Every structure is written in C-alpha cells, then in structure tokens.
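Enquirer: Okay, handing you the structure first.
Coordinate-derived values only; no laboratory data. Remember, predicted model here, so these are calculated numbers, not experimental data. For neighbour counting, all protein chains shown are included, and Cβ atoms are generated from backbone atoms with ideal geometry for every residue, glycine included.
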Amino acid sequence: VASEGHPATFTYGVNAGVLPAGLSLNPSTGVLSGTPTQAGAFSFTISATDGGGFTGSQSYSGAVAGGVVVLPAASLGNASAGTAYNHSFSASG
C-alpha cells in the first residue's frame, strides 16, 4: 500500500554484520535463501528502504547447527588369530 506519495516498493540489504556463509538476500524481494555451508553463530541487520528513501531496519541473530555424522550399528564378523581380517565402515550425514 502506498502512503504519503511513496510507492509501496522496497529494496533490502544487509547493513550490519554478515549473513551465514552460503546464504544470500535478494535485494528486490527480501527473500533470504541458500544452503548454509558453515556451522556457528551469526548476527546481522537487514534494512528495507521504500521508494521515497525512508528506511527501517531490524537485527537478527541465531545459529547454524553443524552436521551430524552417523555410523550405523553393525555386527563385526568373527576374526581368527593368524588370519587377515578387514571390515568396512561407512558413514552418512
């Protein structure tokens, strides 16, 4: 909705801090998207500016969790003394 003669279009930007690695902000739509590539805490401030040059901003913070590596439960085969043995493990995540 336009008010005071200012069009209801906005541009968005990060004006403090840094987005988590792998994420980006679309300056036209304000959509934050992507795939985070690093675990850790983050904080940043997003600003929105209307067609008349009026700006508002909001700070955000959070965390990107690290991946979880899973080794499935398995029974190991019996080994015999003096005989070569091997077993392969595989992880996921």
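Enquirer: Go through segment 44-60 and give me each residue that's closer than 9 Å to Ala16 by Cβ and surrounded by fewer than 13 Cβ atoms within 10 Å (Cβ to Cβ).
Expert: Passing the criteria: only Ser59.
Enquirer: If the Cβ limit is 6 Å and pairs must be 6+ apart or interchain, which residue in segment 57-73 that is under 9 Å from Ser92 (Cβ atoms) pairs with which residue that is part of a strand (DSSP E or B)?
Expert: From residues that are under 9 Å from Ser92 (Cβ atoms), the pairs are Val70/Ser92.
Enquirer: I would also like to ask the following. Would you kindly identify the strands (runs of 3 or more DSSP E) lying entirely within segment 4-93 that contain at least 1 residues that are among the acidic types (Asp, Glu)?
Expert: Working: elements: 10-17, 23-25, 32-34, 40-50, 55-64.
Per the criteria, 40-50.
Enquirer: Consider segment 16-33. How many of its residues are loosely packed, with under 13 Cβ neighbours inside 10 Å and under 12 Å from the mean Cα position of the chain (by Cα)?
Expert: 4
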